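K.L.:
Here it is, the structure in full.
The values are calculated or read from the model by the stated rules, or taken from the named source; none is laboratory data. Quick caveat: nothing in here was measured; it's all calculated off a predicted structure. Cβ atoms come from the backbone with ideal geometry, glycine included; neighbour counts cover every protein chain shown.
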Amino acid sequence: MEKGNFNDRPDAARLALSIGEVHSDIDADTVLQFLNFQWSYREMQRQYDAVLTKYQLTESRFVILMFLYEAPKQQLLPLQLADKLGTTRATVSKLLRGLVTQGRVTKQASPTDKRAALISLTAEGERVLLSFLPHNFDAVQTLFGNLTSAELTTFSHLLAKINQGTQTLKNEMEN
């Protein structure tokens, strides 16, 4: 499904009817807040993606450039990048192909293991990253700048609870 805004989002009354039809004991406000949170996240991500797009970046490519920038000698193995990104090596290979094409990273044989490729940040990759970072932080400030320190603390606690529920759901789905 496309990350988008639903033009016909249900209100609490419609949700209560739907919930009643399946005899669930969940509160309609809980479902409504889930939908509101989901919509807010998707809209926030869409706007953040627009900032990334101005630099011909995706979130994953940006993170790879950051990993390389912070790495010793600005070099990592694809397997290390996959581990840091929390994804498969195949996914990282696809992302790296795009970054190589853009001239932002290079791929060369490792001097210690000819079977392994070493990924290096190029001067162009560093230039793009460093020119993007101020805009990245401006976007974060725009998105979260209206929250007070106390609200950020509360938000952090709420996210921890949502992450706990997400982990519980994951465990339930695996069983």
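K.L.:
Is one or more of the residues making up region 131-145 more than 18 Å from the chain's Cα centre (by Cα) and surrounded by 12 or more Cβ atoms within 10 Å (Cβ to Cβ)?
P.N.:
Scanning region 131-145, I find no residue that is more than 18 Å from the chain's Cα centre (by Cα) and surrounded by 12 or more Cβ atoms within 10 Å (Cβ to Cβ), so the answer is no.
Residues checked against (1) surrounded by fewer than 16 Cβ atoms within 10 Å (Cβ to Cβ); (2) modelled with pLDDT of 95 or more:
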{"site": "Lys3", "(1), (2)": "yes, no"}
{"site": "Phe6", "(1), (2)": "yes, no"}
{"site": "Leu15", "(1), (2)": "no, no"}
{"site": "Glu59", "(1), (2)": "yes, yes"}
{"site": "Leu68", "(1), (2)": "no, yes"}
{"site": "Gln74", "(1), (2)": "no, yes"}
{"site": "Leu79", "(1), (2)": "yes, no"}
{"site": "Arg97", "(1), (2)": "yes, yes"}
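K.L.:
If you check Tyr55, Tyr48, Tyr69, which single one turns out to be in a loop (DSSP other than H, G, I, E, B), of a type outside the set (A, V, I, L, M, F, W, C) and touching a residue at least 24 places away in the same chain (Cβ under 8 Å)?
P.N.:
Numbers: Tyr48 fails: in a loop (DSSP other than H, G, I, E, B); Tyr69 fails: in a loop (DSSP other than H, G, I, E, B).
None of the others qualify; the one that does is Tyr55.
K.L.:
Is there a residue being within 21 Å of Ala109 (Cβ to Cβ), of a type in the set (S, T, N, Q) and surrounded by fewer than 16 Cβ atoms within 10 Å (Cβ to Cβ) anywhere in region 82-90?
P.N.:
No.
K.L.:
Ala117 - would you say it is hydrophobic (A, V, I, L, M, F, W, C), over 15 Å from Ile64 (Cβ atoms) and surrounded by 15 or more Cβ atoms within 10 Å (Cβ to Cβ)?
P.N.:
Working: hydrophobic (A, V, I, L, M, F, W, C): yes; over 15 Å from Ile64 (Cβ atoms): no; surrounded by 15 or more Cβ atoms within 10 Å (Cβ to Cβ): yes.
In short, no.
K.L.:
Right, another one. State the number of residues belonging to region 118-175 that are outside any helix (DSSP H, G or I) and either touching a residue at least 40 places away in the same chain (Cβ under 8 Å) or touching a helix residue (DSSP H, G or I) at 6+ places or on another chain (Cβ under 6 Å) (or both).
P.N.:
Number of matching residues: 4.
K.L.:
Count, please, the residues in region 77-116 that happen to be closer than 20 Å to Leu129 by Cα, free of Cβ contacts under 8 Å to residues at least 12 places away in the same chain and charged (D, E, K, R).
P.N.:
Counting residues in region 77-116 that are closer than 20 Å to Leu129 by Cα, free of Cβ contacts under 8 Å to residues at least 12 places away in the same chain and charged (D, E, K, R) gives 2.
K.L.:
Quick check on Ala109: is it at pLDDT below 95 and farther than 22 Å from Phe62 by Cβ?
P.N.:
yes
K.L.:
Same structure again: Within region 106-130, which residues are under 23 Å from the mean Cα position of the chain (by Cα) and either under 16 Å from Tyr55 (Cβ atoms) or outside the structural domain of Met66 (by TED's automatic domain parsing) (or both)?
P.N.:
Here is the first cut: in region 106-130, the residues under 23 Å from the mean Cα position of the chain (by Cα) are 119-121, 125-130.
Leu121, Gly125, Glu126, Arg127, Val128, Leu129, Leu130, listed by residue number.
K.L.:
List the number of the failed condition for Ala82; all other conditions in (1) within 24 Å of Leu159 (Cβ to Cβ); (2) within 15 Å of the chain's Cα centre (by Cα) hold.
P.N.:
Of (1) within 24 Å of Leu159 (Cβ to Cβ); (2) within 15 Å of the chain's Cα centre (by Cα), only one is false for Ala82: (1).
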